[in-house]
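Remarks on the structure that follows.
The values are calculated or read from the model by the stated rules, or taken from the named source; none is laboratory data. Everything quoted here is computed from the prediction, not taken from an experiment. Here the Cβ positions follow ideal geometry from the backbone for every residue, glycine too, while neighbour counts run over all protein chains shown. Ligands, DNA and RNA are excluded from the accessible area calculation, which covers all protein heavy atoms including side chains. Shrake-Rupley method; radii C 1.70, N 1.55, O 1.52, S 1.80 Å.
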Amino acid sequence: MRHITSPAAVRVAVLPTIAALLLAGCGGGGGGSSASDPAPSAATPPTPPPSGSSTALKDNTASTGANFSNFASGTVSVPVAGVAFVGSRRFVKVARPDGAVLFLGEVAPGLPFTITVDAPRGQDRVDYEIFSESASDQIVRGEVAL
């Protein structure tokens with residue numbers, strides 16, 4: 001006599017087996033310790049490394065004559081008020097010569113625009129662009145010395 005098994009019956013019979021295999025693969029053991037586990041020892045503070053061999057900031061202080069001024073601050077004035085556009089909104093982009101954008105946003109159309117920027121030492125200028133939302137307006141480009 002032959003038994004006909006439906007696919008649903010096969011899935012029902014296989015699911016408990018798969019679940020048992022997954023649980024067995026998890027490790028499933030209790031979390032107790034055995035007698036062979038070493039007892040935790042008292043924490044001993046680490047000994048500081050010899051001078052000059054550590055890379056930790058707390059172990060390497062800067063000398064009193066050290067100079068960390070890699071950037072210089074400067075004021076940039078963009079002549080937004082002197083530009084006549086068809087569009088009513090004004091946008092300014094201020095960037096360093098290496099392409100790093102320092103400011104990009106909308107500004108008041110009739111007021112002077114001034115911003116303080118930080119640039120790497122040795123860079124003596126920044127570039128600016130003034131533009132509007134109108135496609136008929138040309139972009140006004142220029143540069144300002146720091």
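Okay, here's what the table says:
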quantity: The lone exception for ALA19 - which of (1) at pLDDT 70 or above; (2) surrounded by 10 or more Cβ atoms within 10 Å (Cβ to Cβ) it fails; calculated: (1)
quantity: In the range 105-126, the residues that are open to solvent by 50 Å² or more (accessible area, probe 1.4 Å) and under 19 Å from GLY82 (Cα atoms); calculated: GLU106, PRO109, GLY110, LEU111, PRO112, THR114
quantity: Residues that are surrounded by 10 or more Cβ atoms within 10 Å (Cβ to Cβ) and among the hydrophobic types (A, V, I, L, M, F, W, C), drawn from the range 51-85; calculated: PHE71, ALA72, VAL76, VAL78, VAL80, ALA81, VAL83, PHE85
quantity: Residue check, ALA43 open to solvent by 80 Å² or more (accessible area, probe 1.4 Å) and at pLDDT below 80; calculated: yes
quantity: Residues of the range 71-96 satisfying the condition of being assigned to a strand (DSSP E or B) and more than 15 Å from ASP127 (Cα to Cα); calculated: PHE71, ALA72, SER73, ARG90
quantity: Matching residues in the range 127-137 - criterion: being of a type in the set (S, T, N, Q) and surrounded by 11 or more Cβ atoms within 10 Å (Cβ to Cβ); calculated: SER132, SER134
quantity: Restricting the range 91-123 to residues that are touching a Gly at 6+ places or on another chain (Cβ under 9 Å) and charged (D, E, K, R), the residue that is modelled with the lowest pLDDT; calculated: ASP118
quantity: Search result, residues across the range 114-134 that are under 11 Å from ARG90 (Cα atoms) and in a strand (DSSP E or B); calculated: GLU129, ILE130, PHE131
quantity: Complete set of residues in the range 86-104 that are open to solvent by 60 Å² or more (accessible area, probe 1.4 Å) and small (Gly, Ala, Ser); calculated: SER88
